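Here is the structure we will look at, set down as structure tokens.
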Amino acid sequence: MVDYSPLLRRYGVFLAVVLLILFNLAVTPHFATMQTLSVNLTQVCTIVIVGVGMTLVIATGGIDLSVGALMAIAGAMSPMFFTGELFPVPNIYLGIALGIVFPIIIASFFGLFNGWLINRFSIQPIIATLVLFIAGRGIAQVSTNGDLQVFKVPEFQAIAIGRVLGVPFQVWIMVVVVIIAAFVLRRTVFGRQVLAVGGNEEAARLSGVPVKRVKLIVYAVSGFCSGIAGLIVIAMNSAADANLIGLGMELDAIAAVAVGGTLLTGGRATILGTLLGALIIQLVRYTLLANGVPDAAALVVKAGLIILAVWLQRQEHA
């Protein structure tokens, strides 16, 4: 009797995406339209971008609960630059440049802070990143006095709602992030070091891998990705609300990574899998909503997908 389980574990995520698409083509009205494709892609972009950073973190055996809060920090601070709230800017383009670069740098710095906490005090990543999970959103709220920042700056909003060759610009950003991360993880020395740290940290250290530096970098990258996602969210909404930006994103990102096939214990990771995992979660949600199932049911299904992913990982290493 042929054992198909290895093939299912290797290609199951891709197969699930194909089956969901075929199901929707058969039963969901208006699924095969550019509008539906655009909606699903824009809904999944921020999850994928944050998920890329989360994948690298989890590949080292860590976790990052602060990604949603870092999105809030970047999203809350960005309008302060291009609206001239912090200081007058000579033209809108300089303000936009500052409103993109500085918030991403700040989010990356906070990610670096997560890595420093883990290295300096040898505490578990879930505890270290819990600090900014709690305090980070507070920082964002204090920086804006808890106010909703509404703006209409088409030049900035283009990063979310602008189109290139008919494709939303944020999708191009997502594609670039995925390609770069996949290349780094699979084709560079640093990528091999990331997997070595997650596979066996002590063995990696004895082999000369700079474990602490690797951890610092992956948490900084996670912060960087969170910063990008935060800017996309506010550009799409034409407003920055520190109370809501990135709310629950840490759970969506972890779900995408788990469903995509990255080992939650570290040592093996797939950036493409994270992309497909995010697509599965989005397609399941869309399928349920389009067929009259309440959105709350999608949360239950998402939890079920995570359980299934973890179970498959355990079977693979049994």
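Nothing in this text is a laboratory measurement; each read-out follows from the coordinates by a stated rule. Computed from a prediction, not measured in an experiment: that's the story for all the values here. Cβ sites come from the backbone with ideal geometry, for glycine too, and all protein chains shown count toward neighbours.
Below is a table of values for the structure above.
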item: Sole exception among (1) touching a residue at least 24 places away in the same chain (Cβ under 8 Å); (2) surrounded by fewer than 18 Cβ atoms within 10 Å (Cβ to Cβ) for SER66, by number; result: (2)
item: Near pairs, Cβ below 6 angstrom, 6+ apart or cross-chain, from segment 83-107 (in contact (Cβ under 8 Å) with a residue 24 or more places away in the chain and closer than 27 Å to VAL218 by Cβ) to any residue that is surrounded by 15 or more Cβ atoms within 10 Å (Cβ to Cβ) and hydroxyl-bearing (Ser, Thr, Tyr); result: GLY99/SER78; PRO103/SER78; ALA107/SER226
item: Number of the condition not met by LEU263 [criteria: (1) touching a His at 6+ places or on another chain (Cβ under 9 Å); (2) without any contact (Cβ under 8 Å) to a residue 60 or more places away in the chain]; result: (2)
item: Members of segment 83-123 found to be closer than 14 Å to VAL153 by Cβ, among the hydrophobic types (A, V, I, L, M, F, W, C) and part of a loop (DSSP other than H, G, I, E, B), listed by number; result: VAL89
item: Among residues of segment 124-152, those that are in a loop (DSSP other than H, G, I, E, B) and surrounded by 14 or more Cβ atoms within 10 Å (Cβ to Cβ), counted; result: 2
item: Single condition VAL48 does not satisfy, out of (1) within 22 Å of ALA220 (Cα to Cα); (2) over 19 Å from the mean Cα position of the chain (by Cα); result: (2)
item: Residue that is nearest to ALA158 (Cα to Cα), among those in segment 212-248 that are surrounded by fewer than 19 Cβ atoms within 10 Å (Cβ to Cβ) and not polar (S, T, N, Q); result: MET236
item: Filter result (crowded, with 16+ Cβ neighbours inside 10 Å and assigned to a helix (DSSP H, G or I)) within segment 162-181; result: PHE169, GLN170, VAL171, TRP172, ILE173, MET174, VAL177, VAL178, ALA181
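The rows are residues; the columns are (1) assigned to a loop (DSSP other than H, G, I, E, B); (2) out of contact with any Lys or Arg (no Cβ under 9 Å at 6 or more places or on another chain); (3) at positive phi.
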{"residue": "ILE254", "(1), (2), (3)": "no, yes, no"}
{"residue": "VAL259", "(1), (2), (3)": "no, no, no"}
{"residue": "GLY266", "(1), (2), (3)": "yes, yes, yes"}
{"residue": "ALA269", "(1), (2), (3)": "yes, yes, no"}
{"residue": "GLY273", "(1), (2), (3)": "no, yes, no"}
{"residue": "GLY277", "(1), (2), (3)": "no, yes, no"}
{"residue": "VAL300", "(1), (2), (3)": "no, yes, no"}
{"residue": "ILE306", "(1), (2), (3)": "no, yes, no"}
